[in-house]
Amino acid sequence: MLIGGIEAGGTKMVCAIGDEKGTIIDRTVFSTRGPEETFADMIEYFKQWKIEALGIGCFGPIDLNKESGTYGYIKKTPKKGWQDCNIVGAFKDALGVPVGFDTDVNAAILGEVTWGAAKGCDCAIYITIGTGVGVGVYVNGGLLHGLMHPEAGHIRLVRHPEDSYEGCCAFHGTCMEGLASGPAIERRYKKPAAELGGCDKVWKIEAYYIAQAISNYILTYSPEKIILWGGVMHQEKLFGLVREQVREMLNGYVSHDGIECDIEHYIVKPGLGEDPGIKGAIRLGVLAKDKIRG
């Protein structure tokens, strides 16, 4: 069974062909331009393959309510030209196959739960820290939606005592995205994160924000595994700093060996390397096909 997958981002669209076991057979990348020309290239790619379903993990906010008249739309995104874009409808009409749809980070945690570091978990989260901050949540054996979908990258944080930066989020200022994203680091220190590797204070403050958010996620979602990734997390020293501060911030309140004795295997990198999102999108396609078959 050939399944198409799309990891839809504001900068690039990763398209792939895979199977129900998560094996990637082919992939390509298109730059994200306007919807019409971007979709045309992607549709042409998928038409070369006899796919039976398509899964889309998409930047947001998006409408996941299947009873809504705008289900499958990208909604109030800051990405110019993409507001109120019917991404699911465009591919369903052009390809005539079932389409699974969710956020990019929900797709990523789905990939990790199915084939990666969170395999076998009933509850796990995936956090990506890069241009923005996103959190995918898998709870009680399924992806979390609710009123809309998790936007846990925008929780408010307490500012570090040595940090006076006002935050870069246009909506919330000092939320996690506003204080800990790649752009926040660059605007605070006037250099991109990749050029600040030797500045210990930078990563001490960054770890403080990430650990504060993770502590909140542990207390609210009670995940069995936390997967942490994105461009900022390529700074290797961050993992150790974050784990140490999470333990300090929880202060023994969550009494579990996974945190107190084995946190190195609790807060981890993706098991699927750079592929959680696209493999998760393929899994969304498999689930959409299975639902049609009943």
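The values are calculated or read from the model by the stated rules, or taken from the named source; none is laboratory data. Fair warning: this is a prediction, and the values are worked out from it, not measured in the lab. Ideal geometry is used to build each Cβ from the backbone, glycine not excepted, and the neighbour counts take in all protein chains shown. Keep in mind that these areas ignore ligands, DNA and RNA; they rest on the heavy atoms of the full protein, side chains included. Shrake-Rupley method; radii C 1.70, N 1.55, O 1.52, S 1.80 Å.
The fraction of all Cα pairs in region 42-82 landing in successive 5 Å bins from 0 to the largest distance is 5, 18, 20, 18, 19, 15, 4, given as whole percents. Of the heavy-atom accessible surface of region 154-267 (probe 1.4 angstrom), what whole percent is carbon and sulfur? After summing per-atom areas, the C and S share lands at 50 percent. Helix 276-293 axis versus longest C-alpha principal axis of the chain: approximately 40°, rounded to the nearest ten.
Placing unit charges on the Cβ atoms of the charged side chains and taking the dipole of the chain about its Cα centre, the candidate lying farthest along the positive direction among 164, 213, 235 is 164. DSSP beta bridges confined to region 1-136 are antiparallel in about 65 percent of cases. Between residue 118 and 113, 271, the built amide H atoms are under 5 Å apart, and every one of these is 5 or more places off in sequence or on another chain. Qualifying GluC sites (Glu not before Pro) in region 87-182, where qualification requires a DSSP coil assignment and no more than 10 other C-beta atoms within 10 Å, comprise 162.
Take the cross-link list 76/289; 237/289; 79/279; 50/225 and give me the ones stretching past 32 Å between alpha-carbons. Pairs exceeding 32 Å: 237/289; 50/225. Phi-derived couplings, Karplus 6.51 cos²θ - 1.76 cosθ + 1.60 at θ = phi - 60°, listed residue by residue for region 109-121: 5, 4, x, 5, 6, 7, 10, x, 5, 9, 4, x, 6 Hz, with x used for Gly and Pro. With axes computed from alpha carbons, what is the tilt in degrees of helix 35-47 against the longest principal axis of the chain, rounded to the nearest 10 within 0 to 90? Once rounded, the angle reads 60 degrees. For the chain, the longest principal axis of the C-alpha atoms and the axis of helix 200-221 are separated by about 60°.
Taking trypsin sites (Lys or Arg not before Pro) across region 117-226, the ones in a DSSP loop with at most 14 further Cβ atoms lying within 10 angstrom of their Cβ are 119, 190. The H on the amide N of residue 85, modeled in the peptide plane, is under 5 Å from the matching H of 74, each at least 5 residues off or on a different chain. Computed over the chain, the per-residue total of -39500 (n - 2.57) for DSSP H runs of n ≥ 4 gives a 222 nm mean residue ellipticity of -11000 deg cm²/dmol, rounded to 500.
Solvent-accessible surface of region 1-138, averaged per residue with a 1.4 angstrom probe and all protein chains in place: 41 square angstrom.
For the pair region 67-86 / region 155-189, the C-alpha centres are spaced 27 Å from each other.
Hey, got a sec? Which chymotrypsin sites (Phe, Trp or Tyr not before Pro) in region 179-253 land in a DSSP loop and have at most 16 other Cβ atoms within 10 Å?
253
Enter the Cα centre distance for the pair region 107-124 and region 219-294, rounded to the nearest angstrom. Between the Cα centres of region 107-124 and region 219-294 lies a distance of 8 Å. For region 31-86, carbon and sulfur atoms together expose 48% of the accessible surface, with a 1.4 angstrom probe and every protein chain in place. DSSP assigns beta bridges within the chain; of those with both partners inside it, close to 60 percent run antiparallel.
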